[in-house]
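The values are calculated or read from the model by the stated rules, or taken from the named source; none is laboratory data. Keep in mind that what you see is a predicted model, and the values were worked out from it rather than measured. Note: ideal-geometry Cβ built from the backbone for every residue, glycine included; neighbour counts use all protein chains shown.
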Amino acid sequence: MAQKKLEKDSEFEELDLDGDGIVSDQEIKALEAIEMREKMDAQRHMAWTAMVSMIVFTLAVFLPIFPDARIKALSDLFGLFYIGQAGVVGAFMGMTAYMSAKK
């Protein structure tokens, strides 16, 4: 069976990692691994951003520049903020543990 080659200026030309004009199964697997790594990096950055934002938010609330009335008025939103951010961090940690145990 003859291997399939790419047309000139094909949209799949980026899949041809070794530049021979043929997209092999190894090249497709390598690209999938690269994309998975980029996805994991993005998720890790989101989790760290959520964690840092919770810490910064907590420190900002305890600064004396905010009046007590404003903090009391926003107290319901504070709870939702912490639940949302903790959900992002918890989901990341849970999926990381699951994926490492799966291997």
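Table for the structure above
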{"item": "Residue list for region 76-92, restricted to those being of a type in the set (A, V, I, L, M) and loosely packed, with under 12 Cβ neighbours inside 10 Å", "result": "77, 80, 83"}
{"item": "Hits in region 58-103 - residues which are over 25 Å from residue 37 (Cβ atoms) and not in a helix (DSSP H, G or I)", "result": "62, 63, 64, 65, 66, 67, 74"}
{"item": "Candidate set: region 14-35, residues that are modelled with pLDDT of 75 or more and charged (D, E, K, R); chosen: the one nearest to the chain's Cα centre (by Cα)", "result": "35"}
{"item": "Filtered residues of region 47-75 (kept if of a type in the set (A, V, I, L, M), loosely packed, with under 12 Cβ neighbours inside 10 Å and over 25 Å from residue 91 (Cβ atoms))", "result": "63, 65, 69, 73"}
{"item": "Filter result for residue 55 (assigned to a helix (DSSP H, G or I), modelled with pLDDT under 80 and within 23 Å of the chain's Cα centre (by Cα))", "result": "no"}
